[in-house]
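As structure tokens, the structure follows; a few thoughts come after it.
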Amino acid sequence: AKEEGKNQYRFYDMTLNPNAKESMEIASSLRRALEKDEFLVYYQPQVEARSGKLTGLEALIRWRHPAKGLVPPNAFIPIAEETGLILPISERVLQLVCAQSKAWQQAGLPPIRIAVNLSARQFAQKDFAARICEIVEGYGLNPSCLELEITENMAMKDEMQTVLQEIRDKGFLLSIDDFGMQYSSLNYLKKLPVHKIKIDRSFIGGISRDRKDEAIIAAMLNIADRLGLTVIAEGVETREQLEFLRANNCHAIQGYIFCKPQPPEEIQEWLRRSNI
Ligand code: C2E
Ligand code: CA
Ligand code: CA
Ligand code: CA
């Protein structure tokens, strides 16, 4: 019945939504992009707030379109989600990340944990934990090389608790992305088997401009600390934001203030220079 509702929605969409034609065109070029291997991954450094030392990277997909150039994820991930193409695309991302991690290892660079964004669809697959393990081990890597980012919506369904626990038991790190943006019932923080929360960029933007955002960030940091969770702030762009986060004992920072997402060749230099 759920599937039926979805199809009806799509039908409605296609007849009345002026962008539906464009969406269908994107979907068919996404299929082609998979065949032609047009997806690539950029990486953005995550650093320790106190020292600026590199602690990890986030993998962020890009699409090298033959005519449009480099396409950002917001322009195609929603359509990929809608059409189910997110599954093969996500698998491709995982392969690219594992291959990159392996290549860096073989080049003698220090091992670095890479955070990967998961989609709700991936996560809903029953054999998900086993599947992802198979990919990682296929590259001769350990699950602890990867951190998996999920959103609150994905994590909060009761039936997901077992999947999360399975993933965690296999040794992957788990973090909650865009924390504070969806149904943040604090009660769930108690139940969720996660290691880390990522404070959403929209709160960070309010630092030194909006006392309420500052209060919310301080409260998140406080509660995370008491629950033994690591916190990373994302979208940190200014000195004031960095100083506020340091003063409130935020563990890690990701943002343009340190580095934008970069292709692997640039990141390699970062890895070499940062001397972990
Ligand atoms: P996200 O997971 O919240 O990723 C963080 C986004 O914030 C990235 O945008 C990053 O470039 C951007 N960002 C980081 N620091 C700053 C900053 O200081 N200022 C500003 N203005 N932006 C900053 P990006 O790469 O365009 O990705 C957008 C979204 O697309 C991601 O948001 C994520 O939801 C999705 N996405 C990216 N890669 C994947 C993927 O491999 N799989 C899935 N399912 N989704 C992905
Ligand atoms: Ca993310
Ligand atoms: Ca995020
Ligand atoms: Ca986001």
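No lab work stands behind these numbers, since they all come straight from the coordinates. In this text, all values refer to a predicted model and were calculated from it rather than measured experimentally. All Cβ positions, even for glycine, are placed from backbone atoms using ideal geometry, and neighbour counts span all protein chains on display.
Name all residues of the stretch 74-100 having a backbone nitrogen under 16 Å from the label point set 7 Å from the Cα of N19 along its Cα→Cβ direction, giving them as ranges. It comes to 74-83, nothing else.
What separates the Cα centres of the stretch 20-64 and the stretch 218-245 is a distance of 25 Å. When the charge dipole of the chain is built from unit charges on Cβ atoms (+1 for Lys and Arg, -1 for Asp and Glu) and taken about the Cα centre, the candidate among N153, Q165, G52 whose Cα reaches farthest toward its positive end is G52. Each eigenvalue of the Cα gyration tensor of the chain, multiplied by 5 and square-rooted, gives one semi-axis; in descending order these are 29, 24, 21 Å. Model label points for A67 and L186, set 7 angstrom from Cα along the Cα-to-Cβ axis, are 5.3 nm apart.
Projected label points at N249 and E134, each 7 Å from Cα along the beta carbon direction, are separated by 4.4 nanometres. The loop-placed trypsin sites (Lys or Arg not before Pro) in the stretch 189-276, going by DSSP, that have at most 16 neighbouring Cβ atoms within 10 Å of their Cβ come out as R209. Note that the stretch 253-266 has calculated 3J(HN,Hα) couplings of 10, 9, x, 4, 4, 9, 5, 7, x, 9, x, x, 4, 5 Hz, one per residue in order, obtained from phi through the Karplus relation 6.51 cos²θ - 1.76 cosθ + 1.60 (θ = phi - 60°); glycine and proline are x. Among the GluC sites (Glu not before Pro) found in the stretch 76-177, those both in a DSSP coil and sparsely packed, with 16 or fewer other Cβ atoms within 10 Å of their Cβ, are E159. Rounded to the nearest Hz, the phi-derived 3J(HN,Hα) couplings of the stretch 38-48 under the Karplus curve 6.51 cos²θ - 1.76 cosθ + 1.60 (θ = phi - 60°) are 8, 8, 9, 10, 9, 10, 10, x, 10, 10, 5, where x marks glycine and proline. Remark: the K170-L87 segment gains 27.8 nm on full extension, using 0.36 nm per residue and subtracting the alpha carbon distance. Between K53 and A107, the contour length at 0.36 nm per residue exceeds the Cα-Cα span by 17.4 nm. When the helices of the chain are scored as -39500 (n - 2.57) per DSSP H run of n ≥ 4 and the total is divided over every residue, the value at 222 nm lands at -15000 deg cm²/dmol.
Based on the Cβ-Cβ distance of K126 and R239, what FRET efficiency does E = 1/(1 + (r/R0)^6) give at R0 = 41 Å, to the nearest 0.05?
Efficiency computed from Cβ-Cβ geometry: 0.30.
In order along the stretch 155-171, the Karplus-derived 3J(HN,Hα) couplings, from 6.51 cos²θ - 1.76 cosθ + 1.60 at θ = phi - 60°, round to 7, 7, 5, 4, 5, 7, 4, 5, 4, 4, 5, 4, 4, 5, 4, 6, x Hz, and Gly and Pro are given as x. Database remark: amide H of G255 closer than 5 angstrom to the amide H of G235, V236 (H placed geometrically; neighbours at sequence offset of 5 or more, or on other chains; Pro and chain starts carry no H). Under 5 Å between amide hydrogens, built in the peptide plane, is the criterion, and for G206 it picks out nothing among residues at least 5 positions away or on other chains. Footprinting exposure proxy ranking of D213, D127, fewest other C-beta atoms within 10 angstrom first, gives D127, D213. Taking the chain as a Gaussian network of alpha-carbon nodes connected by springs under 10 Å, the highest mean-square fluctuation of the residues P45, P72, P143 belongs to P72. Less than 5 angstrom separates the built amide H of R113 from those of L57, all sequence-distant by 5 or more or on a different chain. With both residues required to sit in the chain, DSSP beta bridges show an antiparallel share near 40%.
Here the simple spin-label model places points 7 Å from the Cα toward Cβ, and for S28 and S274 these points are separated by 4.3 nm.
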